[in-house]
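The values are calculated or read from the model by the stated rules, or taken from the named source; none is laboratory data. All values derive from a computational prediction rather than experimental measurement. Backbone-built Cβ (ideal geometry, glycine too); neighbour counts: all protein chains shown.
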């Protein structure tokens, strides 16, 4: 598993409810650094283009829930890749 650099500056990313590989539910976040998936345990994964094809976007996340997802990204020092 590779490690991606710190995501300290994520700008104004798009946050969507998502399902990865048909069963893992969480959030998809499009950042300037690329597409990441955040599961409900706040594990953060950088997605390769091949992995992104297995991602189903289910709708926009707003309000407090969106803020919580972005806070999890801001706390992340590393992002798992793979």
#### Entry: Residue that is farthest from residue 69 (Cα to Cα), among those in the range 26-43 that are in contact with a strand residue (DSSP E or B) (Cβ under 8 Å, 6 or more places away or on another chain), touching a residue at least 24 places away in the same chain (Cβ under 8 Å) and not in a strand (DSSP E or B)
33
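Output the number of residues of the range 45-70 satisfying the condition of being in contact with a helix residue (DSSP H, G or I) (Cβ under 9 Å, 6 or more places away or on another chain) and either loosely packed, with under 13 Cβ neighbours inside 10 Å or assigned to a helix (DSSP H, G or I) (or both).
The number of residues fulfilling the criteria is 1.
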### Summary
Within the range 28-44, of all residues that are at pLDDT below 90 and more than 13 Å from residue 13 (Cβ to Cβ), the one surrounded by the most Cβ atoms within 10 Å (Cβ to Cβ) is 42
